[in-house]
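Right, one structure below, let's go through it.
The values are calculated or read from the model by the stated rules, or taken from the named source; none is laboratory data. Keep in mind the model is a prediction, meaning the values are calculated, not measured. Here the Cβ positions follow ideal geometry from the backbone for every residue, glycine too, while neighbour counts run over all protein chains shown. Note: areas computed on protein heavy atoms with side chains; ligands, DNA, RNA excluded. Shrake-Rupley method; radii C 1.70, N 1.55, O 1.52, S 1.80 Å.
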Amino acid sequence: MKYFVRLATEQDKPAVAKFYDNSLPLIDEKQTSWIKNIYPSIDTALKQLTYLSSLFVMIQMILFQGL
């Protein structure tokens, strides 16, 4: 498997929101500044995409080899 990092697009918003919702409960508030329902909100992440063009996503590339 290979992974590829690219600038997020508008089409990535649902996946980013899902990742955020699934990941936030797993983050230890003692080790980061992330606090559920306070900071950062999903709006904070999406503003990076909409206004700053600085939200990146990593995708998994599945390569098929010929038989």
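Overview of results
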| read-out | value |
| --- | --- |
| Hits in region 25-43 - residues which are within 19 Å of F56 (Cβ to Cβ) and either out of contact with any helix residue (DSSP H, G or I) (no Cβ under 9 Å at 6 or more places or on another chain) or not aliphatic (A, V, I, L, M) (or both) | I27, T32, W34, P40, S41, D43 |
| Single match in F19, F4 (criterion: open to solvent by 60 Å² or more (accessible area, probe 1.4 Å) and within 11 Å of the chain's Cα centre (by Cα)) | F19 |
| Residue list for region 1-44, restricted to those being assigned to a helix (DSSP H, G or I), in contact with a strand residue (DSSP E or B) (Cβ under 8 Å, 6 or more places away or on another chain) and aliphatic (A, V, I, L, M) | A15, V16 |
| Residue check, L24 at pLDDT below 85 and surrounded by 12 or more Cβ atoms within 10 Å (Cβ to Cβ) | yes |
| Where a residue in region 29-45 is among the β-branched types (V, I, T) and its partner, wherever it lies, is open to solvent by 70 Å² or more (accessible area, probe 1.4 Å), with Cβ under 9 Å and at least six apart | I35/E29; I42/D21 |
| Candidate set from region 45-63 (those that are modelled with pLDDT of 80 or more and not in a loop (DSSP other than H, G, I, E, B)); member that is least open to solvent (accessible area, probe 1.4 Å) | V57 |
| K30 surrounded by 10 or more Cβ atoms within 10 Å (Cβ to Cβ) and basic (K, R) | no |
